[in-house]
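Have a look at the structure below before the remarks.
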Amino acid sequence: MAVAATISQRKRIKRKAPRGFLRRVFKRQKPHLRLEATCDLLVHLNCLLFIRRLAEEARTDACKTKCGIIKDQHVLAAAKVMLKKSRG
């Protein structure tokens, strides 16, 4: 096994979601909201799922144009498609 692989396996992740950061953002943007304790985790999960769906749509758009790299135009086109799907 390579040295870099063994070091990265030993590294321990402290937190999986930046809960403190999300709570601070919520309090700054909407201080009057009273949110449940695990609401920040649900928001984080929704953001991750959105980014994953956006990346998949952008990848399919890049494959349609026979481009090996996902460019900003692919992401913008994918965002427009996802917006139409959510409204329609």
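The values are calculated or read from the model by the stated rules, or taken from the named source; none is laboratory data. None of these values were measured; they are calculated from a predicted model. Reconstructed Cβ throughout: ideal geometry from the backbone, glycine too, with neighbour counts over all protein chains shown. In case anyone asks, the SASA skips ligands and DNA or RNA and just uses the protein heavy atoms, side chains included. Shrake-Rupley method; radii C 1.70, N 1.55, O 1.52, S 1.80 Å.
A few notes on this one:
- Residue within the stretch 16-26 that is of a type outside the set (A, V, I, L, M, F, W, C), open to solvent by less than 90 Å² (accessible area, probe 1.4 Å) and in a helix (DSSP H, G or I) present: yes
- Residue match in the stretch 58-76 (condition: of a type outside the set (Gly, Ala, Ser), closer than 30 Å to Arg19 by Cα and loosely packed, with under 10 Cβ neighbours inside 10 Å): yes
- The stretch 27-55, subset among the basic types (Lys, Arg) and closer than 30 Å to Gly68 by Cα, residue surrounded by the most Cβ atoms within 10 Å (Cβ to Cβ): Arg53
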